[in-house]
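Chemist: Before I ask anything, here is the structure I am working with.
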Amino acid sequence: MPEEFTVGIEEEYQLVDSETGELQSRAADVLALDWGKEIQHEIHETMIEVGTRICSSASEVSHELRRLRFQVASAAAAEGLRIVAAGLHPYSRWQEQLDTRSERYDDIRRRYGRVIRTEHIFGMHIHVAIPAELDRVRLMTTVRRYLPHLLALSASSPIYESDDTL
């Protein structure tokens, strides 16, 4: 049965200066160097995103993530940047960052206002396709007891804008 499940992962990376670690609004520069055309813009210029292909095993996901991380890290390094995978940047302030200009993102900013402007949140999204013949409600009920563990694993930002988040 596990072979019937497929998975795809999206990862959002912070773009930081390789010397200071400060967030850098330079996504367009990194995207210009993407040889595979798999790196994507996100709503803030401090952020870039990749997405794996649909994978049918953990080893396939691992290979895809290593390949994409190398691609992104190489493009960023060519611009004097590094990528960081963490929920929040510990000390860079949102007011100093630029937004990605596009019709889609402009619409999102109009709808959600301050929430979008001020929250520079970086994430990993795991998409699992569940076979149609499975009882999805029963499966989610089973998974529900692991939600505290999953939440704990996702809490990777003890400091935000130089303040302790505890």
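The values are calculated or read from the model by the stated rules, or taken from the named source; none is laboratory data. All figures in this text were calculated on a predicted structure; none of them were measured in a lab. FYI the Cβ positions are ideal-geometry reconstructions off the backbone, even for glycines, and counts take in every protein chain you see. Accessible surface areas use protein heavy atoms only, side chains included; no ligands, DNA or RNA. Shrake-Rupley method; radii C 1.70, N 1.55, O 1.52, S 1.80 Å.
Chemist: Looking at segment 119-166, which trypsin sites (Lys or Arg not before Pro) are in a loop (DSSP not H, G, I, E or B) and have at most 14 other Cβ atoms within 10 Å?
Modeler: Taking segment 119-166 and a limit of 14 other Cβ atoms within 10 Å, the loop trypsin sites (Lys or Arg not before Pro) found are 145.
Chemist: Separate question: Would you work out the Kirkwood radius for segment 1-120? I mean one over the mean of 1/r across all pairs of different Cα atoms, in Å.
Modeler: Taking every pair of different Cα atoms in segment 1-120, averaging 1/r and inverting gives 15.3 Å.
Chemist: Right, something else. Leaving out ligands, DNA and RNA but keeping every protein chain, what accessible area does residue 99 have, in Å² rounded to the nearest 10, with a 1.4 Å probe?
Modeler: 40
Chemist: Label points 7 Å out from Cα along the Cβ direction at residue 35 and residue 60: separation in nm?
Modeler: 2.5
Chemist: With the alpha-carbon atoms as the only input, what is the per residue convex hull volume for segment 49-166 in Å³?
Modeler: Per-residue hull volume (Cα only) is 178 Å³.
Chemist: Give me the percent of accessible area attributable to carbon and sulfur for the chain, probe 1.4 angstrom. The partial results should precede the final answer.
Modeler: Numbers: 6000 of 10490 Å².
After summing per-atom areas, the C and S share lands at 57 percent.
Chemist: Out of 143, 50, 16, any idea which swings most in a Gaussian network model of the chain, alpha carbons joined below 10 Å?
Modeler: 143
Chemist: Taking the alpha-carbon centroid of each part, what is the distance from segment 1-52 to segment 109-158 in angstrom?
Modeler: 18
Chemist: Say a paramagnetic label sat at a point 7 Å from the Cα of residue 22, along Cα to Cβ; which residues of segment 83-101 have their backbone N under 15 Å from it?
Modeler: Backbone N within reach: 90-98.
Chemist: Give the accessible surface of segment 32-166 per residue, rounded to a whole number of Å², with probe radius 1.4 Å and ligands, DNA and RNA excluded. It would help to have the intermediate numbers written out before the result.
Modeler: Values: 9100 Å² over 135 residues.
Per residue, segment 32-166 has 67 Å² of solvent-accessible surface.
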